[in-house]
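Below: the structure, in structure tokens.
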């Protein structure tokens with residue numbers, strides 16, 4: 001069976017990691033390599049306060065990893081991730097092959113390349129809108145945000161003036 005590219009977002013226990021992120025990353029890579037996965041990119045993403053406690057923890061370190069693996073090995077990876085004491089939660093997503101390069105650039109924190117690819121104009125067009133991004137509205141087009149007379153945009157259709165006087 002062919003290899004797929006996967007993205008995995010880990011939520012790591014900050015008490016167990018305790019500032020030694022390279023050791024935690026090595027543990028994650030060991031689990032991946034044990035299951036014959038090839039690590040493409042890996043980096044800490046962000047340390048945040050959690051919206052609700054998870055296993056009694058109020059803070060966690062998000063860690064992003066991209067890897068190639070056989071689809072049959074994902075259930076084994078999932079099982080091994082659940083057994084790890086460092087990992088509070090994890091989410092594995094398969095990446096569509098057309099997005100492989102862009103997603104890996106994001107994972108490797110190459111902002112310039114990722115933003116350039118994401119904001120490139122599609123072929124044969126000028127980008128979003130009739131005049132391109134950031135351009136003023138086209139003459140005769142609808143006003144933006146109710147500019148005329150400071151009025152708010154209306155939600156329903158207007159009643160005809162003839163109907164107003166019949167009440």
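A compact table of results
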quantity: Projected-area mean, region 1-78, by convex hull of Cα positions, square nanometres; calculated: 5.4
quantity: Distance (nanometres) between label positions extended 7 Å along Cα→Cβ at residue 15 and residue 49; calculated: 1.9
quantity: Length added when fully stretched, residue 26-residue 76, from 0.36 nm per residue minus Cα-Cα; calculated: 16.2 nm
quantity: Cβ crowding within 10 Å averaged over residues, with 49-60, 25-36 ranked highest first; calculated: 25-36, 49-60
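Read-outs: derived from the displayed coordinates by stated rules, not from any lab. Because the structure is a prediction, the values reported are computed rather than measured. A quick note on method: Cβ atoms are made from the backbone with ideal geometry, for glycine too, and the neighbour counts reach across all protein chains shown.
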